[in-house]
Each structure stands twice: as C-alpha cells, then as structure tokens.
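Before any comments, here is the structure.
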2 protein chains.
Amino acid sequence: MTQLLRVQNFSVSSDGFGAGEGQSFERPFGDVSPERLFAWAEATAGWPNRTDPGGSRGLDDYFTRDFAHNIGAEIMGRNKFGPQRGPWNDHEWLGPWGDEPPFHTPVFVLTHHERPSFTLSDTTFHFVGGGPAEVLDQARKAARGKDVRLGGGVATVRQFLEADLVDTLHVAVVPERFGSGLRLWESPDELLDRFHLEVVPSPSGVRHHLFWRK
Amino acid sequence: MTQLLRVQNFSVSSDGFGAGEGQSFERPFGDVSPERLFAWAEATAGWPNRTDPGGSRGLDDYFTRDFAHNIGAEIMGRNKFGPQRGPWNDHEWLGPWGDEPPFHTPVFVLTHHERPSFTLSDTTFHFVGGGPAEVLDQARKAARGKDVRLGGGVATVRQFLEADLVDTLHVAVVPERFGSGLRLWESPDELLDRFHLEVVPSPSGVRHHLFWRK
C-alpha cells in the first residue's frame, strides 16, 4: 500500500479563500469567522473535536470521520501551530488545541527556527526545517506505513502542491464569498492537469471537491 | 461513543432487489451477475478485496474505505456464509472468501443449527441462534467498544430493520433494473419514519442512500 500525502476537510470560500485577511492570535482565520468555514463539519457526528453525542451521519460525516483513518503523521505550517513569528521565544505556547490535541500522531511543524520536540497527550510535535520533500520523508518514516495528512494552512498546501507531493486533496467549498484573504486557488480547474476531480454537492450546501493524482 | 449497528456498501437495483432469483452455490446472487451490483465498488482504491494498486479515489472510495473503519464485529445471514441449508454436514466449507476473509474481526453467522467456531487468518466465525437483539448483544461484546457491521444478505438486513436495531444504513442503488429477486424495499421512503435520509448521486451512476436514526 502506497503511503499517500492527503489533504482532508480543507475548507475554502466559493471564491477560493481559506482564511481572511489580518490573521492574529485572537483571530487565526483573520477577519473571517471560522464558523463560516467549518459549520458543515461541526454539525457531523464524526467531527474530531465533538464532545457530545449526536451530529449528522450523512455525506458530510463520511469526510469528517475519515480524518484519522489510516493517518500516521501530520505536517502543518507554522501559522497553524500558532501566531508567533521568528525565533521561538515563548516555549509555553503548545498550540491552540488544549491538553488533548486531535492528532494522536507525530506532527511536523514547518519552521526555519529550532525548537525541541514536545509531547502533549498522545501527540508529539516536531519542529522541522528543510524543503517539502525532505519534511515529507521524515513524516512518512514516522507514520510507519500509514498515510500522512497535510494539515494546512493555505500557504502550506500551496507549497506542497507546487512541489507536486500531494496525492489526494479534499476541499470543501462553502457557500460564502470572502472577497479577499489567503487564496488557495482562483479555480479548482488549476489542478486538472495533474488530478482527477469529482465535485459532490452536499445537502448542507457545501460542494466537496475530491482530487486524486492522475 | 455509542456502539452502532451499521449496514455498509449494501447494493441494490433501482427497483430494490439485492439479489436475483434462484440463488445457488455457483450463483450466490442468483440469476443476477454480482458485477452488476458491485462494479462501482470494485473500481475504487478502497475495495477490500483489491489485490493490485490503483482504483479511483473519488466519492465511491469514501464508502468502500469506510468498510473496516471502527468495526469490531460482523453479523451475517447464513446464506451469505454459504449455500448449505439445514444441519452443517460439510464442515470443510469455510465460507467463500478463501484463506484471507476480508473481515479481520469476529463474525457471527445466524443459524438454527449448531456448529463449532473456527478461525481463518484473523477472522473467527461463530454460529449463533437466537433473536436479532440477542445476537447483536453478543456481537457488541465481541466488538470491544467498536461498531458492529450488519453484512447482509437481504433477509438479514430486513430482519434487523424490523427489530429496529439498525443505526446507520448505506445502500448503493445501482442504475440497473432486475425485475425480480430478493427485495430490500419497494422504496427507500419506507424507512423515513425512523431514519434521516440523504441521497447522494455519484459520478459512477450509483445513488448512495445514507440513512441514520432519527
């Protein structure tokens, strides 16, 4: 079985933005409420951050419950891990997920600045430099035969797409226009030279875009 | 987390039949070629019986790769296990799956006739009598907190639906009319009193019907 690099449940606006402008500590998605991007996922039974029972078990749930399925490691950009830039002055910051990060695997945080690894519950965070191929190689080893999730944000997904390292990509296009922000694409058609695409409308209003390598 | 009883990837014709007439050893689906029911699934990367790499990774693949996800046991009817009827005279018959059954969990085969359990690779088959609730109770214990799959065939799914024990039901309606055979339903609307329903058309021509308990 191939070890895939998978983007999952990545939400963008109908005009292609994965976050608004002006990202900050208080507003990791900038001037856009995360609710506008993730309401469809939070409504499902399989939402990894769900704390109560309930939730829908229709189409959208197949995507959220696939989040951890056969995933052995995650790669994320530094901005997803936290708001700091430059050297790691604040070692107290352990990410925005509280004591129980939803990953349960090794996580590789892309950064040009060294920081020791640390473990929180059953998630270990490593801070790694190097190019995308090099980081993917590390993550694949840590995943012990399982797939690797590319967790975002937008710049990180674009970086790995440009390096042609992504195998499958699930983008949920939500029925909202942001007008500006961090752009994933002008149009999903940009990827059609390298990927198959199925577009699946959900009753929730989201249009699931499923790409896999040709 | 609730332990669900789940029907997965159960294929029926557009007129509601899950098998043709005249089931026999050589033709477990009767006068209907299984290909007509399962071509959509066999085309996917996640098809549990796939031996080569490749296969599609679009919508249909989300369903086939969910087959084993969080499943700890299966319940199946005797007709799915094999063509014998009445007492188990042929103990050489270990099911139609060869040396590596695709279940990898305990499997509970419904039968009125006693037969000792046996293990093939990492699947153990138990032969159990009793009503649906009683068998489900046994399967839930064996599943150790995970969900239980209801594997079919048609009569078994109907039996558990009538006993109101099914929590989620994924039925793939293929674009073929059989005209006669073993009928799952006259119409999916029969279940709407007890279940939510989403109908999701796939590019393959299959219409996925996703039911979950109200």
Restricting to the range B:199-213, and then to whatever is within 8 Å of chain A (Cβ to nearest Cβ) and under 14 Å from residue B:63 (Cα atoms), can you tell me which residue is farthest from the chain's Cα centre (by Cα)?
B:203
For the structure I just gave you, tell me whether residue B:9 is modelled with pLDDT of 90 or more, surrounded by 20 or more Cβ atoms within 10 Å (Cβ to Cβ) and closer than 20 Å to residue B:168 by Cβ.
yes
Selection status of residue B:172, closer than 26 Å to residue B:56 by Cα and either within 14 Å of chain A (Cβ to nearest Cβ) or touching a residue at least 60 places away in the same chain (Cβ under 8 Å) (or both)
yes
Answer with yes or no whether residue A:17 is buried (at least 22 other Cβ atoms within 10 Å of the Cβ), within 15 Å of the chain's Cα centre (by Cα) and within 11 Å of chain B (Cβ to nearest Cβ).
no
Picked from the range A:169-196 (must be within 19 Å of the chain's Cα centre (by Cα) and of a type in the set (A, V, I, L, M)), the residue surrounded by the fewest Cβ atoms within 10 Å (Cβ to Cβ) is A:191
Residues A:100, A:92: which one is among the charged types (D, E, K, R) and over 23 Å from residue A:139 (Cα atoms)?
A:92
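Count, please, the residues in the range A:59-79 that happen to be without any contact (Cβ under 8 Å) to a residue 24 or more places away in the chain and either of a type outside the set (Asp, Glu) or more than 28 Å from residue A:205 (Cα to Cα) (or both).
Number satisfying all stated conditions: 3.
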Of all residues in the range A:197-209, count the ones that are crowded, with 20+ Cβ neighbours inside 10 Å and closer than 14 Å to residue A:12 by Cβ.
3
Out of (1) touching a residue at least 40 places away in the same chain (Cβ under 8 Å); (2) of a type outside the set (Lys, Arg); (3) open to solvent by less than 60 Å² (accessible area, probe 1.4 Å); (4) not in a strand (DSSP E or B), the one residue B:125 does not meet is (4)
Long-range neighbours under 6 Å by Cβ, at least six apart or interchain, first residue on the phi < 0 side of the Ramachandran plot within the range B:83-102, second of a type in the set (Phe, Trp, Tyr)
B:83/B:25
May I ask you to list the residues in the range B:175-198 that are among the aromatic types (Phe, Trp, Tyr) and either closer than 26 Å to residue B:69 by Cβ or within 9 Å of another protein chain (Cβ to nearest Cβ) (or both)?
B:185, B:195
Which of the residues spanning the range B:106-122 are open to solvent by less than 30 Å² (accessible area, probe 1.4 Å) and of a type in the set (Gly, Ala, Ser)?
none
Scanning the range A:39-54 residue by residue, those touching a Ser or Thr at 6+ places or on another chain (Cβ under 6 Å) and buried (at least 18 other Cβ atoms within 10 Å of the Cβ) turn out to be A:40, A:41, A:44, A:46, A:47
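Go through the range B:53-97 residue by residue and tally those that are within 14 Å of another protein chain (Cβ to nearest Cβ), of a type in the set (Asp, Glu) and part of a loop (DSSP other than H, G, I, E, B).
Residues flagged as within 14 Å of another protein chain (Cβ to nearest Cβ), of a type in the set (Asp, Glu) and part of a loop (DSSP other than H, G, I, E, B) within the range B:53-97 amount to 1.
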Is there a residue in the range B:141-153 that is surrounded by 13 or more Cβ atoms within 10 Å (Cβ to Cβ), among the small types (Gly, Ala, Ser) and out of contact with any helix residue (DSSP H, G or I) (no Cβ under 7 Å at 6 or more places or on another chain)?
yes
Assess whether residue B:93 counts as being open to solvent by 10 Å² or more (accessible area, probe 1.4 Å) and more than 23 Å from residue B:7 (Cβ to Cβ).
yes
Checking residue B:84 against (1) open to solvent by 40 Å² or more (accessible area, probe 1.4 Å); (2) more than 16 Å from the chain's Cα centre (by Cα); (3) of a type in the set (S, T, N, Q), which test does it fail?
(1)
Total residues in the range B:21-45, condition over 16 Å from the mean Cα position of the chain (by Cα) and either among the hydrophobic types (A, V, I, L, M, F, W, C) or assigned to a loop (DSSP other than H, G, I, E, B) (or both):
13
Among (1) open to solvent by less than 50 Å² (accessible area, probe 1.4 Å); (2) away from chain B (no Cβ under 14 Å), where does residue A:4 come up short?
(2)
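The values are calculated or read from the model by the stated rules, or taken from the named source; none is laboratory data. Small disclaimer: the values here were computed from a predicted structure and weren't measured. All Cβ positions, even for glycine, are placed from backbone atoms using ideal geometry, and neighbour counts span all protein chains on display. SASA here: full protein model, heavy atoms, side chains in, ligands and nucleic acids out. Shrake-Rupley method; radii C 1.70, N 1.55, O 1.52, S 1.80 Å.
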